[in-house]
Amino acid sequence: MPDAHPHQIHAEIPAPGAEILLRALKDQGVDVIFGYPGGSVLPIYDALFNQNAIRHILVRHEQAALHAAEGYARSTGRVGVALVTSGPGATNAVTGLTDALMDSIPVVCLTGQVPTHLIGNDAFQEADTTGITRPATKHNYLVKRPGDLARVVHEAFYVARSGRPGPVVIDLPKDILIGKTLYTPPPETPHRSYRPQTQPDAGQIARAVAILKSAKRPMVYTGGGVINAGPAAAEALTRFVRKSGFPCTSTLMGLGAFPASDPQFLGMLGMHGTYEANLAMHGCDVLLNVGARFDDRVTGRLNAFSPGSRKIHIDIDPSSINKNVPVDVPIVADAARALAALLAAWEADPTPVDRPAIAAWWRQIDGWKGIDCLRYIQPRDPGSIIKPQYAIQRLYEITRTVKQEIFITTEVGQHQMWAAQYFKFEEPNHLMTSGGLGTMGYGLPAAMGVQIAHPDALVIDIAGEASILMNIQEMGTLAQYRLPVKIFILNNEYMGMVRQWQELLHGGRYSETYSAALPDFVKLADSFHAVGMRAKSVDDLDRVIHEMLACDRAVIADIAVDPKENCFPMIPSGAAHNEMILGSEQVGSVAGVTDEGKVLV
Amino acid sequence: MPDSQLNSCRTATIAVLVDNEPGILARVVGLFSGRGYNIDSLTVAAVEDGGNRSRINIVTSGTEMVIEQIKAQLDRLVPVHRVADLSKNGPYLAREMALIKVVCPHEGAGGNNRAEALRLADAFRARVVDATTESFVFEMTGSTDKLDAFVELMRPLGLAEVSRTGVVAIARGTRVI
Ligand SMILES: Cc1ncc(C[n+]2csc(CCOP(=O)(O)OP(=O)(O)O)c2C)c(N)n1
Ligand SMILES: [Mg+2]
C-alpha cells in the first residue's frame, strides 16, 4: 500500500525512526503513553500527531508520567509507557524509575537524547541518561544505530515484563528518530541471555510440601510477587490457604492477593502490621513466603525474626533468596506456577496435616486477635474532631454501596498505613502505593494512570496534606482529560509520619514537620476546574464522602483529622516483632528503641 | 546453611560471560559499588563470538551469603550469559601478569643490587624484558601470591613501579563455565 500511515508502514520500506518506534510500540500492545514534550523528542510528537492508535496523555511533570505509567501497569498487569525529553526531562523521571524498580513495576520510559554526534559534548539539554538511570532501572539502552531501534524496543518490553518486572529506559538520540530505517517485528526466538526461570523445581516443591504438612504452627507470608504473577497466582494462593487451613498475612505490596475479609487473613504484617500477624510470624514453626523479600519494614530486627521457623521462599528473583534471611527451601519460580505445583503436590500427598496442633495454633492466634490492635475511639459528640482511622473506615464502608469497580492509590505517610490497615482489599491490582521507595507525590499521578486504564472505575487517592502538594500540578492533567479522580486528604496539618518518629524517638521536638501555610484545598480544586469539599468535624464526614462519590468530576475532599493521632501498632526500627508498641499509652516504655535502632530509618 | 558457614569470610574468583556492549563494565562495577561489595581484582577482555562476548574475571571476598548474593545479582543483569564461581566448583587456575620496574644502577655507578635482582628473577622465573644500565623491567606470570612475594623481594633492591593485569582464571580439566 502506498499509504504512509505510520502504524501501517511496510517492513520493507525504510521509514523515519520515530515512525518505526510507534510501530514497535503498537506491536507491543501499547495504547497509551504518558509524556511531556521537548526539543529532542519532537520527531516522536510529530509522528504521534499523525496517528490515532496510541493515545498520548500530557502530564504536568515528568515524575508524574512515570507514576502514571506505574498506576496504569499495576492496575492492568500490562507494561506502562512514559515519554520524556532529554536532560531535565530525563532527570525528572529518575524518582519514578527508582520507584518502579523498588516495587518491581513494568515500565518502559523513552527518553530523548541529543544527536549521537553531540553526545559527550555538554550539548544543550544533554545528560548522561543511561549513566544516571543505570542504578534506577532494571536495564537501559542507548540506541546508537537506526537499524537497532525496533529490536531494542521489543527487547525493552520483554525485559520490563519478564522475570521480576521493572523499569527500562530507552535513550533515543534525535538523529536516530529522524534517520530512516527498516522495521523488525518482535523476535520469535528466546532472548540470548536473559531467560528467567519460571518453572519450579519438582524436588523443591516436594520438600516444601513435606515441611508444610509437618507444621504445627504454620504461617503464609505473601508479597507483591503474587500480584505481579497475575490473577492466576492470587487464585492459587487463595485455594492453597483455604485448603491448608493455614493463617495468611501480606506485605503492603501484596494486599488484595488474598481477600482481606477471609477469616484466615491476619491483616498486614511489619512495622505497622497487626499484632496477630506479627506475633504469628514470630511464633510460627513453618513459614511459607510467596513473592515477598524479607524487607526490613517486615522483618524488624533480623536476628530476632521468626526465630523458630523452617522457611520456604518462592521468588522469581534468585537474588531475593537468602539475601537477608537464610531459608531452608528456596524455590525460584513464577508465583502462579509455583503455587499451582504446590497445590498439586499437596493434594497428591496423602499425609494429613497435624489438625490438633493447628487448631491449638489458631486458638493462640485468636487470643492475639482478641487484643483488637486496630481499635480506636471516635468521639461522637457534635463537632468532634475526626479520627483519621474513622475517616478511612467510613470511606471503606460507604464505598461498599458503590456499583463501580474501586481502585485505591495512596501517598506516603500515616494516611498510607491507615489505608492499608482500615481499607479491606479483596482483589489483587486494586491498591497502588509506593512501598519500597516510599515516594510522597506518588498517589495522584498513579491514580491518573489507573483512571486512564479504567475510565468507568472509581479511583481514590488517599492522601496527606503534605504529600499531595508534591505533584499537585497534575490537577491540570485531571482537568484536561476529565479524569474524575477523588483525592481524599487526611489533613492533620503535619507530616504526620515524621512527626510520629519525632514524638517517639526525638523527645517530641517537632522540627520542621508542621505543614505551615497550607493552601485552601477547596479553592485550589476550584482553580483547577475540580470540585473542592471539606469536612471539619465528625458531623460532616459521611455527607462529604457521599458527595464526593456522587460527583462525576475530579474532587479534592479536605478532611480535617486529629493532628495528634499516631499510627499503631508499631514495631520501632531495630526492634523485634514481639516488641511491638500497641498504642500511645505504651510509648514511654518502648523496649525496642535503642540507639542502634535510631540509626535505622 | 549452617551459621558458621554464613559468617566466615572467603575469597571467591568469579567468571562472568557477558555481551560485549557499551556500559556493561559500568553495570558490573556499579553493582559492586552500589551494594558495597569488595572488588579485589577485575579483568575484562573480548573472548568469544567474534568479539561480541567478553569475559570478566572478578576476585571478591565476603561471607558465603554475600558471595551467593553477588553471583545472583550478577546473573540477573540482562547482558550476562553465565556466572561461574571457579573457586567453588573444583580445581582451577588463576594467573596474573605483572611488569615490574626495578631501578638499580650497575656497580660503576655505585649500585650493587643488579646481580641479586637477576638471581631472584631467575628463581621466580621472571623474564627480563627491558634492561638499561640503570634499570630492569621484569615480566612475570603467576598466582597473585607469587607476584606479591616477588614484588616484596624487589622492594629493597630498587623497586620503582609495578603494573599488574589482575587475575584471569579458568577451571582445570575438561570443565568449561
Ligand atoms: C519525596 C519524599 N520526601 C520525604 C519523605 C519523608 N516522609 C515520609 S512520610 C512524610 C510526611 C508525609 O506527610 P503527609 O503527606 O501529610 O502524610 P501524613 O503522615 O501526615 O499522613 C515525609 C516527609 C518521603 N517519604 N518522600
Ligand atoms: Mg499530614
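The values are calculated or read from the model by the stated rules, or taken from the named source; none is laboratory data. What you see is a predicted model, and the numbers here were worked out from it, not measured in a lab. Please note: Cβ atoms are built from the backbone with ideal geometry, for glycine as well, and neighbour counts cover all protein chains shown. For the accessible areas, the whole protein counts, side chains as well, though only heavy atoms, and no ligand, DNA or RNA atoms are used. Shrake-Rupley method; radii C 1.70, N 1.55, O 1.52, S 1.80 Å.
Worth a mention:
- Failed item in (1) open to solvent by 20 Å² or more (accessible area, probe 1.4 Å); (2) within 14 Å of chain B (Cβ to nearest Cβ), with A:Asp334 passing the rest: (2)
- Residues in the stretch A:459-469 that are part of a strand (DSSP E or B) and either within 16 Å of ligand 2 (Cβ to nearest atom) or more than 14 Å from A:Gly71 (Cα to Cα) (or both): A:Asp461, A:Ile462, A:Ala463, A:Gly464.
- All helices (runs of 4 or more DSSP H) inside the stretch A:470-561 with 1 or more residues being in contact (Cβ under 8 Å) with a residue 24 or more places away in the chain and within 13 Å of ligand 2 (Cβ to nearest atom): A:496-505, A:521-527
- Residues of the stretch A:117-134 satisfying the condition of being in contact (Cβ under 8 Å) with a residue 24 or more places away in the chain and either within 12 Å of another protein chain (Cβ to nearest Cβ) or in contact with a His (Cβ under 8 Å, 6 or more places away or on another chain) (or both): A:Ile119, A:Thr129, A:Thr130, A:Ile132, A:Thr133
- Taking every residue in the stretch B:109-134 that is closer than 15 Å to B:Val151 by Cβ and pairing it with any residue that is loosely packed, with under 15 Cβ neighbours inside 10 Å and of a type in the set (Gly, Ala, Ser), at least 6 positions away or on another chain, the pairs with Cβ-Cβ distances below 9 Å are B:Phe124/B:Ala149.
- Entirely in the stretch A:141-233, the helices (runs of 4 or more DSSP H) that have 3 or more residues that are within 13 Å of chain B (Cβ to nearest Cβ) and either open to solvent by 20 Å² or more (accessible area, probe 1.4 Å) or not aromatic (Phe, Trp, Tyr) (or both): A:149-161
- From the options A:His454, A:His415, A:His430, residue that is within 9 Å of ligand 1 (Cβ to nearest atom), more than 14 Å from chain B (Cβ to nearest Cβ) and not β-branched (Val, Ile, Thr): A:His415
- Checked against the criteria, A:Gln404 does not count as within 16 Å of ligand 1 (Cβ to nearest atom) and open to solvent by 30 Å² or more (accessible area, probe 1.4 Å).
- Checking each residue in the stretch A:358-375 for being within 30 Å of A:Asp558 (Cα to Cα) and without any contact (Cβ under 8 Å) to a residue 24 or more places away in the chain picks out A:Asp372, A:Arg375.
- Per-region count, the stretch B:19-46, residues assigned to a strand (DSSP E or B) and surrounded by fewer than 14 Cβ atoms within 10 Å (Cβ to Cβ): 2
- A:Ile314 being assigned to a strand (DSSP E or B) and over 20 Å from A:Gly256 (Cα atoms): no
Residue-by-condition table, conditions (1) part of a helix (DSSP H, G or I); (2) open to solvent by less than 10 Å² (accessible area, probe 1.4 Å); (3) of a type in the set (Lys, Arg):
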site	(1), (2), (3)
A:Ala236	yes, yes, no
A:Leu266	no, yes, no
A:Leu279	yes, no, no
A:Phe294	no, yes, no
A:Pro307	no, no, no
A:Ala341	yes, no, no
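- Test: residue in the stretch B:77-88 that is at the interface with chain A (Cβ under 10 Å from one of its Cβ atoms) and more than 28 Å from A:Val329 (Cα to Cα): yes
- Residue that is surrounded by the most Cβ atoms within 10 Å (Cβ to Cβ) [pool: residues in the stretch A:458-489 that are within 13 Å of A:Leu518 (Cβ to Cβ) and in contact with a strand residue (DSSP E or B) (Cβ under 9 Å, 6 or more places away or on another chain)]: A:Ala463
- Test for B:Gly51: is it within 10 Å of chain A (Cβ to nearest Cβ) and either open to solvent by 20 Å² or more (accessible area, probe 1.4 Å) or of a type outside the set (Lys, Arg) (or both): no
- The set of residues from the stretch A:423-439 being within 16 Å of ligand 2 (Cβ to nearest atom) and surrounded by fewer than 24 Cβ atoms within 10 Å (Cβ to Cβ) comprises just one member, A:Gly438.
- Flag if A:Glu565 is part of a loop (DSSP other than H, G, I, E, B), within 16 Å of ligand 1 (Cβ to nearest atom), of a type in the set (D, E, K, R) and surrounded by fewer than 18 Cβ atoms within 10 Å (Cβ to Cβ): no
- Only one of A:Thr399, A:Thr410 that is within 16 Å of ligand 1 (Cβ to nearest atom) and either surrounded by 14 or more Cβ atoms within 10 Å (Cβ to Cβ) or not basic (Lys, Arg) (or both): A:Thr410
- Residue count for the stretch A:343-357 satisfying the condition of being touching a residue at least 12 places away in the same chain (Cβ under 8 Å) and not in a helix (DSSP H, G or I): 5.
- Check on A:Ile386, surrounded by 16 or more Cβ atoms within 10 Å (Cβ to Cβ), away from ligand 2 (no atom under 16 Å from the Cβ) and either under 23 Å from A:Ile556 (Cβ atoms) or within 22 Å of the chain's Cα centre (by Cα) (or both): no
- Of all residues making up the stretch A:278-311, the number that are over 22 Å from A:Trp368 (Cα atoms) and hydrophobic (A, V, I, L, M, F, W, C): 4
- Any hit, the stretch A:313-328, residues being more than 14 Å from every other protein chain (Cβ to nearest Cβ) and either in contact with a helix residue (DSSP H, G or I) (Cβ under 6 Å, 6 or more places away or on another chain) or open to solvent by 10 Å² or more (accessible area, probe 1.4 Å) (or both): yes
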